[in-house]
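Structure, as structure tokens:
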């Protein structure tokens with residue numbers, strides 16, 4: 001295997017979801033085999049295998065290491081990677097390692113971010129959307145009133161109770177179960193496969209779902225969202241995100257909250273003007289080219305590593321210099 005441009009260190013599974021892996025796949029679509037994955041968590045390797053991607057060991061050499069994990073990275077880990085001659089990019093990481101990273105990517109789903117010492121990419125223009133999501137704008141599924149999805153795993157197990165409450169409120173519900181969902185099947189209609197998700201999301205009048213990366217996909221497709229913050233940590237982020245005008249936010253982490261969620265969904269669906277405004281605002285904010293912009297930034301970051309390696313190699317002799325300078329990557333078009 002050729003040396004990759006970027007090794008992505010990420011994770012997924014029933015207790016975490018698969019959003020971290022999903023958004024990093026958008027970068028892989030831009031850079032192809034230039035992006036390799038070192039993953040943790042049950043189901044992660046299977047998700048990649050379904051897309052023809054074989055995970056690599058964590059120590060696989062590459063000019064850039066991109067870390068996208070739920071737990072903040074330790075500053076010492078960043079320093080160690082840099083001492084090995086790597087550049088480090090942190091994605092969605094509010095921890096103290098930001099002060100040492102070469103690049104940070106801060107999704108707009110976070111309401112505030114600590115300072116960073118290196119380059120920072122933030123805002124809706126850097127939302128990482130896969131090609132299948134972007135393509136769904138031209139092929140929405142018709143007849144979907146409420147699309148229910150509590151993420152790739154739904155660790156709280158709210159899906160069955162929410163489906164019942166929404167249907168009891170007189171709403172037509174299509175439930176999409178994430179690849180890592182391990183709970184009981186909900187009543188009513190269930191999306192047949194993951195491949196049907198983009199079209200269902202594009203065609204839904206309203207998405208009822210867990211607060212997270214899916215909100216950015218929905219915004220691009222012009223689908224209004226009732227976003228559920230399932231814990232206090234995401235509550236502040238959800239309410240701040242709602243100020244952008246693409247979602248309505250509600251806190252609800254237990255079965256006792258599902259009735260309130262159903263009532264709020266019914267209120268939203270009765271307000272055509274508000275739904276139209278939410279849809280228009282989302283399309284204006286997320287243009288779908290975020291992965292291209294991030295991929296270009298990663299190439300630029302890798303180029304600084306290659307130049308440094310080539311300079312050091314020339315001091316050591318022509319053979320090493322040639323090997324370093326041969327690491328050429330075509331820019332993203």
Task: Meets criteria (at pLDDT 95 or above, assigned by TED's automatic domain parsing to the domain that holds residue 123 and assigned to a helix (DSSP H, G or I)) for residue 300 - done: yes
Task: Test: residue 10 is at pLDDT 95 or above and touching a helix residue (DSSP H, G or I) at 6+ places or on another chain (Cβ under 6 Å) - done: yes
Open item on the list: Residues to consider are 265, 280; find the one that is at pLDDT 95 or above, in the same structural domain as residue 159 (by TED's automatic domain parsing) and under 17 Å from residue 208 (Cα atoms).
Closed with: 265
TODO: Test each condition in (1) closer than 21 Å to residue 91 by Cα; (2) modelled with pLDDT of 95 or more; (3) part of a helix (DSSP H, G or I) for residue 288 and report the one that comes out false.
DONE: (3)
- [ ] Among the numbered conditions (1) assigned by TED's automatic domain parsing to the domain that holds residue 222; (2) over 28 Å from residue 173 (Cα atoms), tell me where residue 148 comes up short.
- [x] (2)
Task: Filter result (touching a helix residue (DSSP H, G or I) at 6+ places or on another chain (Cβ under 7 Å) and either more than 24 Å from residue 126 (Cα to Cα) or without any contact (Cβ under 8 Å) to a residue 24 or more places away in the chain (or both)) within the stretch 30-43 - done: none
- [ ] Could you grab me the full set of residues in the stretch 166-199 that are touching a strand residue (DSSP E or B) at 6+ places or on another chain (Cβ under 6 Å), crowded, with 22+ Cβ neighbours inside 10 Å and not in a loop (DSSP other than H, G, I, E, B)?
- [x] 166, 173, 175
Open item on the list: Looking at the structure I just gave you, is residue 155 within 25 Å of residue 7 (Cα to Cα), in contact (Cβ under 8 Å) with a residue 60 or more places away in the chain and buried (at least 19 other Cβ atoms within 10 Å of the Cβ)?
Closed with: no
TODO: Return the only residue of 187, 231, 248, 271 being closer than 15 Å to residue 160 by Cβ and free of Cβ contacts under 8 Å to residues at least 40 places away in the same chain.
DONE: 187
Task: Looking only at the stretch 143-165, and only at residues there that are within 22 Å of residue 217 (Cα to Cα) and not in a loop (DSSP other than H, G, I, E, B), the one that is nearest to the chain's Cα centre (by Cα) - done: 149
Task: Residues of the stretch 216-235 that turn out to be closer than 15 Å to residue 251 by Cβ and either crowded, with 24+ Cβ neighbours inside 10 Å or in contact with a strand residue (DSSP E or B) (Cβ under 7 Å, 6 or more places away or on another chain) (or both), as a count - done: 7
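The values are calculated or read from the model by the stated rules, or taken from the named source; none is laboratory data. Everything quoted here is computed from the prediction, not taken from an experiment. Positions of Cβ are backbone-derived with ideal geometry, glycine not excepted, and every protein chain shown enters the neighbour counts.
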